[in-house]
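The values are calculated or read from the model by the stated rules, or taken from the named source; none is laboratory data. Owing to the predicted nature of the structure, the values given are computational and were not obtained by experimental measurement. Neighbour counts are summed over all protein chains in view; Cβ atoms, including those assigned to glycine, are modelled from backbone coordinates with ideal geometry. Side chains included, ligands, DNA and RNA excluded: accessible areas come from the protein's heavy atoms. Shrake-Rupley method; radii C 1.70, N 1.55, O 1.52, S 1.80 Å.
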Amino acid sequence: MVIISDSREKAGFEYDFSSYGVETIVRKLGCGDYSYQLGEDIITLDRKRNSGELCSNLYKEYKRFSAEMARMELIEHSFILCEFSLQTLLEFPINSGIPPRYHKRVRGSGLGMLKKLETFRERHGVRTLFCENRFEAQQLCYDILRSIYDGTPLDFVDNYALGENYDGTL
């Protein structure tokens, strides 16, 4: 398996898969940040470093992000991979990467973002996965790519996903 990292992924934030014994190449992907060679129409993962980045995508850059979600709909397995927990999202803007002095000016809430993510799942089939940190997210990214490549079930993904029956209430 050769993993593809999108060339537009911010320098310094890309995952390093060398310890897994796989090659990583950097080139432009149609959508998302990670896939594997010859699997771009089967799997894509769009990584979110923190809830501040997600908030920017869901509010400030909504039109562009929504178009990306529509493109991801055409791919069999599409995921938003968060390097932060669901609890961190719900506590937004705390630990969001946004400086505290700007918290009062932030548009959006954790619950509002959660509802938008669920709408993307319903409309486009893009599932959101929450991890505790960057290292867990990198491992999950690799595990998903490897499972799809090997043709093994993705049952383990449900441990990280927004519930398929999520109704917008907590």
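What single numbered condition from (1) open to solvent by 30 Å² or more (accessible area, probe 1.4 Å); (2) without any contact (Cβ under 8 Å) to a residue 12 or more places away in the chain fails to hold for R71?
Failing condition for R71: (2).
Quick check on my filter: what residues within region 28-44 are under 14 Å from Y142 (Cα atoms) and either part of a loop (DSSP other than H, G, I, E, B) or not hydroxyl-bearing (S, T, Y) (or both)?
Listed by number, the residues that qualify are D33, Q37, G39, I43.
Give region 140-153 a look and list any residue that's within 16 Å of the chain's Cα centre (by Cα) and either more than 11 Å from L81 (Cα to Cα) or loosely packed, with under 15 Cβ neighbours inside 10 Å (or both), or say none.
Those that are within 16 Å of the chain's Cα centre (by Cα) and either more than 11 Å from L81 (Cα to Cα) or loosely packed, with under 15 Cβ neighbours inside 10 Å (or both): Y142, D143, L145.
The rows are residues; the columns are (1) in contact with a Ser or Thr (Cβ under 7 Å, 6 or more places away or on another chain); (2) not hydroxyl-bearing (S, T, Y).
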position: E83; (1), (2): no, yes
position: L90; (1), (2): no, yes
position: R101; (1), (2): no, yes
position: R107; (1), (2): no, yes
position: L111; (1), (2): no, yes
position: L117; (1), (2): yes, yes
position: G125; (1), (2): yes, yes
position: T152; (1), (2): no, no
position: V157; (1), (2): no, yes
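For region 91-98, state whether one or more residues are part of a helix (DSSP H, G or I), touching a helix residue (DSSP H, G or I) at 6+ places or on another chain (Cβ under 9 Å) and closer than 22 Å to Q138 by Cα.
no
Restrict the check to region 62-74 and report whether at least one residue is part of a helix (DSSP H, G or I), within 17 Å of C141 (Cα to Cα) and modelled with pLDDT of 95 or more.
Yes, region 62-74 contains at least one residue that is part of a helix (DSSP H, G or I), within 17 Å of C141 (Cα to Cα) and modelled with pLDDT of 95 or more.
Listed residues D16, D46; which is open to solvent by less than 30 Å² (accessible area, probe 1.4 Å) and either at positive phi or not small (G, A, S) (or both)?
So the residue among D16, D46 that is open to solvent by less than 30 Å² (accessible area, probe 1.4 Å) and either at positive phi or not small (G, A, S) (or both) is D46.
I'd like to know if region 50-63 contains one or more residues that are out of contact with any Phe, Trp or Tyr (no Cβ under 8 Å at 6 or more places or on another chain), surrounded by 14 or more Cβ atoms within 10 Å (Cβ to Cβ) and either within 20 Å of A161 (Cβ to Cβ) or among the basic types (K, R) (or both).
yes
I'm told F92 meets every condition in (1) over 16 Å from S56 (Cα atoms); (2) in contact (Cβ under 8 Å) with a residue 40 or more places away in the chain except one. Can you identify the failing condition by its number?
(1)
Against the condition open to solvent by less than 40 Å² (accessible area, probe 1.4 Å), among the charged types (D, E, K, R), part of a helix (DSSP H, G or I) and touching a Phe, Trp or Tyr at 6+ places or on another chain (Cβ under 9 Å), how does E136 come out, does it pass?
No: the conditions fail for E136.
From the list L114, L81, which one is open to solvent by less than 30 Å² (accessible area, probe 1.4 Å), outside any loop (DSSP other than H, G, I, E, B), touching a helix residue (DSSP H, G or I) at 6+ places or on another chain (Cβ under 9 Å) and closer than 19 Å to F13 by Cα?
Only one candidate passes the filter, namely L81.
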